[in-house]
Amino acid sequence: MGHLHHFSAGWISPVLAYAMACVGSALGLRCTVRARAADGRSRRNWLLTASVAIGSGIWTMHFIAMLGFGVTGSPVHYDVPLTVLSLLIAMVVVGAGVFSVGYGAPGLRSLLLGGLGTGVGVAAMHYLGMAAMRLHGHVGFDPGLVALSVVIAAGAATAALWAALTVRGTMGAVLASLVMGLAVSSMHYTGMAAVHIELTPSRAPLTGVNAMEFVFPLAVALGSFLFLTAAFVALSPTARERAAAASVDSLPEH
């Protein structure tokens with residue numbers, strides 16, 4: 001059995017991964033809140049942005065954390081199409097969750113559906129990303145820990161959505177993003193604890209590319225997108241601010 005290293009790059013990979021999960025979560029949750037106050041095309045666009053933000057955030061978190069992952073006795077490569085597919089799956093499945101919150105009637109049912117969809121999106125991205133790994137050996141998983149990782153993702157995602165929708169102000173946004181970031185990180189490392197690898201030593205070249213050749217540049221690009229989009233969301237007026245501006249404009253001139 002191959003010896004696994006989860007922190008071969010030190011603490012910088014898990015800390016940076018958690019930060020990216022929080023940024024993507026904060027942006028996605030704020031967009032979801034904005035969507036609830038909008039209607040028509042505007043609501044749809046906010047929810048699409050939320051889906052892309054959370055999906056990008058959890059994908060970036062996963063692969064930044066994987067920069068610290070290694071296996072004694074084998075290099076680790078990644079299949080490019082599957083890696084990209086894991087990003088798209090994250091956006092689509094998370095999108096199903098946030099759209100159920102954005103268009104559902106306020107209440108426990110839409111919150112639970114949104115949390116379940118978002119949590120399953122986190123888990124689907126993680127395990128599809130793991131399926132993209134290429135190494136000299138066979139990757140297996142402990143079913144109990146896999147199930148626990150999915151429960152963690154769904155439970156904490158539900159809590160984050162609840163906080164985003166019910167706790168008002170900056171404190172609510174910070175709390176929700178920290179909880180969601182913790183959900184993604186906890187799910188990731190629980191899922192990684194489920195991994196066991198049986199090595200089959202070989203000198204044959206591996207297919208795919210290593211993390212620094214493909215994953216790291218894409219993670220940097222997605223991280224830049226998240227920060228720029230976060231700035232746009234922070235600077236764009238809320239529905240309340242637009243209403244206030246419209247009421248001022250409608251006042252008669254003296």
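So Ile89 clears everything in (1) touching a Phe, Trp or Tyr at 6+ places or on another chain (Cβ under 7 Å); (2) free of Cβ contacts under 8 Å to residues at least 40 places away in the same chain except one condition, right? Which one?
It fails just one condition, (1).
Taking region 75-114, which residues are open to solvent by 10 Å² or more (accessible area, probe 1.4 Å) and within 23 Å of Ile12 (Cα to Cα)?
Scanning region 75-114 gives Pro75, Val76, His77, Leu87.
Only one residue in Phe7, Phe63 is assigned to a loop (DSSP other than H, G, I, E, B) and among the aromatic types (Phe, Trp, Tyr). Which one?
Phe7
Is it the case, given these coordinates, that Leu29 is under 24 Å from Trp162 (Cα atoms) and either modelled with pLDDT under 85 or assigned to a loop (DSSP other than H, G, I, E, B) (or both)?
yes
Test each condition in (1) surrounded by fewer than 21 Cβ atoms within 10 Å (Cβ to Cβ); (2) in contact with a Phe, Trp or Tyr (Cβ under 9 Å, 6 or more places away or on another chain); (3) closer than 21 Å to Val195 by Cα for Phe63 and report the one that comes out false.
All conditions are met except number (1).
Would you confirm whether any residue within region 115-127 is more than 17 Å from Gly95 (Cα to Cα), at pLDDT 80 or above and either of a type outside the set (Lys, Arg) or open to solvent by 40 Å² or more (accessible area, probe 1.4 Å) (or both)?
There is at least one residue in region 115-127 that is more than 17 Å from Gly95 (Cα to Cα), at pLDDT 80 or above and either of a type outside the set (Lys, Arg) or open to solvent by 40 Å² or more (accessible area, probe 1.4 Å) (or both).
Within region 225-245, can one find any residue that is among the hydrophobic types (A, V, I, L, M, F, W, C), at pLDDT 80 or above and either more than 28 Å from Pro143 (Cα to Cα) or over 15 Å from the mean Cα position of the chain (by Cα) (or both)?
Within region 225-245, not a single residue is among the hydrophobic types (A, V, I, L, M, F, W, C), at pLDDT 80 or above and either more than 28 Å from Pro143 (Cα to Cα) or over 15 Å from the mean Cα position of the chain (by Cα) (or both).
Mind telling me which of the residues Ala96, Ala19 ends up being assigned to a helix (DSSP H, G or I), among the aliphatic types (A, V, I, L, M) and closer than 27 Å to Met171 by Cβ?
Going through Ala96, Ala19 in turn, just one is assigned to a helix (DSSP H, G or I), among the aliphatic types (A, V, I, L, M) and closer than 27 Å to Met171 by Cβ: Ala19.
The values are calculated or read from the model by the stated rules, or taken from the named source; none is laboratory data. Remember, it's a predicted structure, so these values are computed and weren't measured experimentally. All Cβ positions, glycine included, derive from the backbone under ideal geometry; neighbour counts span all protein chains shown. In case anyone asks, the SASA skips ligands and DNA or RNA and just uses the protein heavy atoms, side chains included. Shrake-Rupley method; radii C 1.70, N 1.55, O 1.52, S 1.80 Å.
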